[in-house]
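Read the structure below first, then the notes.
The values are calculated or read from the model by the stated rules, or taken from the named source; none is laboratory data. On a predicted model such as this, the values are computed, not experimentally measured, just so you know. Here Cβ is always computed from backbone atoms with ideal geometry, including for glycine, and neighbour counts include all displayed protein chains.
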């Protein structure tokens, strides 16, 4: 327990000092931390799920408070909470099914012992009913309603059967924890694998001789472009340098190392070049529920220019970047001002500032992020496929449970 | 003869839809003129000249191109007209005056034809003003082609409040300049008294008289520089212009035809020269090779070119500089002053369009002073070739800006128009004074006028956003601060030049409140801004603003945030070319400037090996073009105008050699 506390404290510290950069790295660290929190959490016999949820929430609140701008942290915490709820739900439905079975076919014990006979059909129906009532309605459940009810409850009912047979409470507890950790592991896998998932779709979106503009340094974009390159598409990339952090130079370096035709342009030349660009591809920092995007600073300018020239503006985002919140004044509230020393050297203007007179002041503004409203975005490419901005809220409902939106 | 001339101009009236095919036969000398000027007034203002017999000519869809009437005018100013009687005379003069107004100021045509701009103030005011002025100003100044418009402005000056004039005066050329020179401390030309015709004096009110007097002073001031040459030109120009019309040519009396034939050729030639020569396309191998053989400056081409910009020169900067400066004392073809300016351009010591243009003109002035016509050669021809040589040298050093091209064209025009009978020293003196006048009027005074106009748009508590460094914007901000306006300035800057720092330094040291940021943060900072002031390198006749790269981004974001964009641009930078994008015509800067990034971000530091990687290019664009829809208003020395008025100004003023 104490070592978990210290781990949390350490991570909070890192977040607060902005030592971890990039939403993917942050997300991964967060999940790993939450996993250890869950595995170290001692679970009471009754209401285990609630205990887990409380524990995760407590840690999650600390993490979110440490860096409220890094929305990936909150997203991942919500995802873990969602996993806990789901697992709990499936266990209870399974238990319910088992109980139902026991009640309904008391004399058919042999059938049950043997495993899955026709009574399982009734169990499946009950489970499906239970799921559909308890689970938040999502497009996935609506569409996949029939096949899932046929397959999923089957296994769970059989598992529940065996559990109810043994009726060992501690094993049930272990089961929940085990399932949750399994789910979290899957989430980690998903987060680290989202690049490949997204990159796989590159070939569908990039054609021969295309000119692509990108900005900021995003690993997703890098993988996406390289995947298209590997498929023998030849195209050229314009990279806006992204002053004052010069992330574009980093990206350009990597792209060139992978053999892509790359041109670095100044940020101011974005409007000039956009008329010769076929597509703008950027990596998002976060995607809001309304379909708005928070990206590297300068993105809004590029999006406006793209809109003006009817150039598709494509946003790549792993599912851990989907944020279930609706933004309010995101340019200010979800932004972060960095050090002015990136723009002006220390003391560069102190000679001409007259502090005594009180007149004349100098402020330096150096924001990190930019918000792109949904109407400027043409397409989101996530690891589950391409989506419209207007579809984002629905996608989010698949990943998060409504109870966790406010932590 | 005069009547004919009036008739000649008729075909120039562009008619759309229904019109009466037959021309009313000219009965009296002034009739036809009036009939032609009629439509203009009828469409643009409810002028008191309802007695004009042009009723039958005006169809509801008749579009009067203002060029027609300017032609008409000049013919009037020049041609001696039989005067029927005192009353008619007066009326006629009033007419003549109004014509002058039309031709030089072209405010009614400008504003009347331009769609309503975001700033609705001008059109109404100016039209009504001119309507009024037409009826009342009754001053004859046939000897001064310029006098006319000067008068008009001044006439309305006392009657309307100062602010209205400033906003309404969409297009007063020299008059405005003259007025400012009179008002502001720098009086370049002494106002002179002029006698007023007695008959007029009796009939005008006191205010009008004062106005007329003032106007004449202004007129004198403006006309002084040009002297009689202008008058000559206008005489000459007319038949030439008329000669362009093939059909009336036959009808012209034989006396004038020989003269006009000659001038017609000259005009044709002039026209050809006026057509902006296409820039050299650097992807045309043969031409580039040819140019290289002639070149003084040996340029090394950048190795890693961006394919999209092969048509633009991409040279390595700085490498040839030591070599060139060592040549300084051995050069023979290039005048040392020009050479010096060329090197300064090359090294980037002079930047900013105005500064470059002034430096170039002063170098030319010096070169002209030192010039002696070789034996057996014509000064006009030889000097023009000399200047051409200098210009191509300057182009080798750094591609010329549009404004410099305009200035060069002005100079060549002046050389061409030198009267043949001038002796060499006289000609040289005249050219030098022309250059001086150009710098004073078109650049320095222009800026003062612009500052006056623009300051009226700054209110207390505003947040003004500006991009990069523009000397006019700097003057505006400093002046506004000086006169006690309370505002905050946001300076947006961009790599690689970071010119905004220069502006920031100057403003901060003068005690202004400044906010500094990079262009990437423009969407963040734009929410604070209430106005955007931008400088310009040139404005093309389709309203496209050609300026420092990044201007378009700023204007676009401002537009998205509904912040008015005010462009400050001297009228000599207007150009009749059209431009759609930033690719076809641009200038490429040093790619290394983009590649080299400040040392603090060591993470992103470039390694040397990247320079020779074939796949990596750095593109340093110098300019971009802003579509006119992002521009709310252009503040020029002709007042505050919408971008749609640029082609009109370019056409009208270039024609009358007022612009240049």
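Scan region B:505-531 for residues that are facing chain A (nearest Cβ under 7 Å) and part of a helix (DSSP H, G or I) and the total you get is 10.
Scan region B:637-660 residue by residue and report those that are outside any helix (DSSP H, G or I) and at pLDDT below 90. Once the filter is applied, which keeps residues that are outside any helix (DSSP H, G or I) and at pLDDT below 90, region B:637-660 yields B:637, B:638, B:639, B:656, B:657, B:658, B:659, B:660.
Based on what the data block shows, is residue B:387 assigned to a helix (DSSP H, G or I), farther than 30 Å from residue A:362 by Cβ and touching a residue at least 24 places away in the same chain (Cβ under 8 Å)? Taking the combined requirement at face value, the residue satisfies it.
Being part of a strand (DSSP E or B) and closer than 14 Å to residue A:289 by Cβ holds for only one residue in A:371, A:393, and it is A:371.
Condition first: within 19 Å of residue A:365 (Cβ to Cβ), surrounded by fewer than 24 Cβ atoms within 10 Å (Cβ to Cβ) and within 14 Å of chain B (Cβ to nearest Cβ). Can you find one or more residues in region A:316-330 that meet it?
Initially, region A:316-330 is screened for residues within 19 Å of residue A:365 (Cβ to Cβ), giving A:329-330.
Filter again for surrounded by fewer than 24 Cβ atoms within 10 Å (Cβ to Cβ), leaving A:329-330.
Going one step further and asking which of them are within 14 Å of chain B (Cβ to nearest Cβ), we end up with A:329-330.
Yes, there is a match, as at least one residue in region A:316-330 is within 19 Å of residue A:365 (Cβ to Cβ), surrounded by fewer than 24 Cβ atoms within 10 Å (Cβ to Cβ) and within 14 Å of chain B (Cβ to nearest Cβ).
Look through region A:242-267, keep the residues that are facing chain B (nearest Cβ under 7 Å), over 26 Å from the mean Cα position of the chain (by Cα) and in a loop (DSSP other than H, G, I, E, B), and return whichever of them is nearest to residue B:593 (Cα to Cα). Once the filter is applied, the top-ranked residue is A:266. The number of residues in region A:67-91 being touching a helix residue (DSSP H, G or I) at 6+ places or on another chain (Cβ under 6 Å) and surrounded by fewer than 19 Cβ atoms within 10 Å (Cβ to Cβ) comes to 1.
When every residue of region B:420-429 is checked against the conditions, none turns out to be more than 20 Å from the chain's Cα centre (by Cα), without any contact (Cβ under 8 Å) to a residue 60 or more places away in the chain and within 14 Å of chain A (Cβ to nearest Cβ). In the set (1) away from every other protein chain (no Cβ under 14 Å); (2) crowded, with 18+ Cβ neighbours inside 10 Å; (3) in contact with a strand residue (DSSP E or B) (Cβ under 6 Å, 6 or more places away or on another chain), residue A:303 fails one condition alone, (1).
The single condition among (1) within 13 Å of chain A (Cβ to nearest Cβ); (2) under 28 Å from residue B:519 (Cβ atoms) that residue B:461 does not meet is (1).
Look at (1) away from every other protein chain (no Cβ under 13 Å); (2) at pLDDT below 90 and you find that residue B:537 fails only one, number (2).
Report yes if residue A:247 is in contact (Cβ under 8 Å) with a residue 24 or more places away in the chain and under 23 Å from residue B:516 (Cβ atoms), otherwise no. Yes, satisfied.
Only a single item in (1) within 14 Å of chain B (Cβ to nearest Cβ); (2) over 19 Å from residue A:267 (Cβ atoms); (3) assigned to a loop (DSSP other than H, G, I, E, B) is not met by residue A:363, and it is number (3).
For region B:476-499, a tally of residues being crowded, with 18+ Cβ neighbours inside 10 Å and touching a helix residue (DSSP H, G or I) at 6+ places or on another chain (Cβ under 9 Å) returns 14.
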